[in-house]
Amino acid sequence: MSRLTLHDLCLSFGALKVTDHVSLAVEPGEIHAIIGPNGAGKTTLIAQLSGQLTPDSGRIELDGSDITHLSPPARVHRGLARSFQITSVLPGFSVLENVALAVQARSGSSFRFFGRVAEEQPLNDAARAVLDATDLGDRLHVLAGALSHGEHRRLELAIALATDPSVLLLDEPLAGIGGAEAERFVEQLRARKGQLTMVLIEHDMDAVFALADRVSVLVYGRIIATGTPDQIRSDPAVRAAYLGQEEAS
Amino acid sequence: MTAPRIHGRVVAALMLFAGFALLPLVAWLADDPFLVVIGARILAYGIAALALDLILGFGAMVSFGHAAYLGFGAYAVAILSRFGITDLGLHMAAAVVVSAGFALITGAISLRTRGVYFIMITLAFGQMVYFFFTSLSAFGGDDGTGLRQRSTLLGSSVLEHDLVFFYVTLAVLMALFWLAHRIVGSRFGRVLTGIRENPTRIEAIGFAPRRYQLTAFVISGCMTAIAGVLLANQAEFVSPAFISWHRSGELIFMVVLGGAGTLSGAIAGAVTMIVLEEWLEVFTEHWKLVFGIILVLMVLYSPRGITGIIERLMRGRS
Ligand SMILES: Nc1ncnc2c1ncn2[C@@H]1O[C@H](COP(=O)(O)OP(=O)(O)OP(=O)(O)O)[C@@H](O)[C@H]1O
Ligand SMILES: [Mg+2]
């Protein structure tokens, strides 16, 4: 059974079809990249998978059960986590607090009113482990609002990882970072390969071809091709619609 | 959120409490027993401001109808006393039960909205309560009614002594501060504060924000009701004036003046607001205008209120 299945999803904003009969099956353990030009509807698609938006029609299944109308928090409890293209952290919380809160979401009730959460070692330890793995281990007590852009992107990933997902939806995790920092980031994602299923939206083609098992190309809300990185690279329709454009620019 | 800042705020609250504890001594030295009377009023408002800060400062819910809970508290005293029930504990229990129910229902409805709509809808619910009590002719309608006596404590009428009443009110404020402080530092408090910081992110890590906001709203309403019980006793009088939207606005001012989201700031805001009010009233009948100017300056130059000013001074020194 596929881990995540999209059946004929459609969503329009007025006359604009942002998601146009999209069907896709993401297999357990694979990294499935979705590429496409600006405005193709990639972020909107992720928002439907994670529950911020509801499709007009079609169905989303996680491990065979229908999640199309579940709220975002309910989906997180089923093991679906997302990161945001535009960094979305808790700016007034420390780095450790940001991640510890994500751990808290999956460990016991949060309707506890008296115990000091800052002293809950299991939460802090789990958060530290994730932060060490994302190279933020030495920034634990810095306010999230005070981080650099690259650190923000890593915190964004750490928060999503801390919810312990089985499927991780990554919306341009590398946005705005490059060079050695980007390479390191790709390494960290590769290290998780096989342990969790990822849907990866990314403009950085080096990263996509380095990580993805399969790639789908989204243009004007429609999937025009799905295949291995090699198949996609040599697909004439894709070259015309997207890759050629990228090379030209 | 960082530890030293929170610690500093607890110290600030302890200093405020110590100051209050010494107030009767000052009143005695200055031979001005009225200070103790004003002191008790400040304490009761301090409780209400503290309660409002829990949702306004930590949950980003600007309730413009919180005076309704002062009203439930005040009228619990008047109504139960009329039927011969005079015990302070029972007055508080009744006020809390009614307020919890009202907060649960109106909160669930109000939380379907956000921002300015939330403010307006809580205002509307507050006004409903206001008009309900103005129509209660058995309790004086618009004019309100005097209390024949203050609530009793374990069957004794010790609260008739202003000094005893003052210290009992101080004890309640301290207990509720401790409670609010623990809530803010708990698992629940972290989720609530997270919702203030970024609700989308909180949903995306698996929390349904509304359940946490509603719970905080109910807790805040119940705490405010306790302030209402104490205020009625302090004034020995209840009237719909306790519930008017002006009063709700004053509570918001106290929180903002003191620095929202700090707890101790809310108490400092209540102190400042009532002291200024009493003081400016002596100088000019246009005190409300002067007060308005002070508030505008505060919001412009110290958005974090009195707490912000003090924190800046402390940092400057160290
Ligand atoms: N809430 C909305 N209402 C109306 N139009 C929207 C809304 N959100 C997105 N759009 C439009 O839908 C289209 C797809 O947007 P989307 O953000 O999904 O693109 P994207 O593929 O993620 O692009 P990018 O690569 O720039 O991130 C765009 O034309 C955008 O302007
Ligand atoms: Mg996008």
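If we keep just the residues of the stretch A:32-54 that are part of a strand (DSSP E or B) and within 12 Å of ligand 1 (Cβ to nearest atom), which is farthest from the chain's Cα centre (by Cα)?
A:I35
What pairs come out if I take residues in the stretch A:194-220 that are over 19 Å from A:L6 (Cα atoms) and pair them with residues that are part of a strand (DSSP E or B) and away from ligand 1 (no atom under 16 Å from the Cβ) whose C-beta lies under 7 Å away, six or more apart or interchain?
A:L211/A:I31
Inside the stretch A:63-106, can you point out the residues that are hydroxyl-bearing (S, T, Y), in a strand (DSSP E or B) and outside the structural domain of A:A160 (by TED's automatic domain parsing)? Break it down into steps so the answer makes sense when it comes.
So in the stretch A:63-106, the residues hydroxyl-bearing (S, T, Y) come out as A:65, A:68, A:71, A:83, A:87-88, A:94.
Now drop any that are not in a strand (DSSP E or B), which leaves A:65, A:94.
Result: A:S65, single match.
Spot the failing condition for A:M1; the list is (1) at pLDDT 95 or above; (2) more than 16 Å from ligand 2 (Cβ to nearest atom), and only one is missed.
A:M1 satisfies all of (1) at pLDDT 95 or above; (2) more than 16 Å from ligand 2 (Cβ to nearest atom) except (1).
Any chance the stretch A:35-48 includes a residue that's β-branched (V, I, T) and modelled with pLDDT under 95?
Yes.
Restricting to the stretch A:135-177, and then to whatever is within 16 Å of ligand 2 (Cβ to nearest atom) and of a type in the set (D, E), can you tell me which residue is surrounded by the most Cβ atoms within 10 Å (Cβ to Cβ)?
A:E156
Looking only at the stretch A:62-95, filter to residues that are hydrophobic (A, V, I, L, M, F, W, C) and facing chain B (nearest Cβ under 10 Å); which one of those is nearest to A:I201 (Cα to Cα)?
The residue in question is A:F84.
What pairs come out if I take residues in the stretch A:170-183 that are of a type in the set (V, I, T) and pair them with residues that are within 16 Å of ligand 1 (Cβ to nearest atom) whose C-beta lies under 7 Å away, six or more apart or interchain?
Cβ pairs passing all conditions: A:I177/A:R153.
Quick one: in the stretch A:206-224, of everything that is in contact with a strand residue (DSSP E or B) (Cβ under 7 Å, 6 or more places away or on another chain) and farther than 23 Å from A:S57 by Cβ, which residue is surrounded by the fewest Cβ atoms within 10 Å (Cβ to Cβ)?
Filtering first and then ranking leaves A:D213.
From the set of residues in the stretch A:19-31 that are buried (at least 21 other Cβ atoms within 10 Å of the Cβ) and over 10 Å from A:S2 (Cβ atoms), which is farthest from ligand 1 (Cβ to nearest atom)?
A:I31
Identify, please: which residue in the stretch B:71-106 is in contact with a helix residue (DSSP H, G or I) (Cβ under 8 Å, 6 or more places away or on another chain) and among the aromatic types (F, W, Y) and is, among those, nearest to B:F125 (Cα to Cα)?
The residue in question is B:F102.
Going by the structure shown, is B:G19 in a helix (DSSP H, G or I) and closer than 21 Å to B:F253 by Cα?
The answer is no for B:G19.
The values are calculated or read from the model by the stated rules, or taken from the named source; none is laboratory data. All of these numbers come straight from a predicted model, not from anything done at the bench. In this analysis, Cβ positions are derived from the backbone assuming ideal geometry, glycine residues included, and neighbour counts consider all displayed protein chains.
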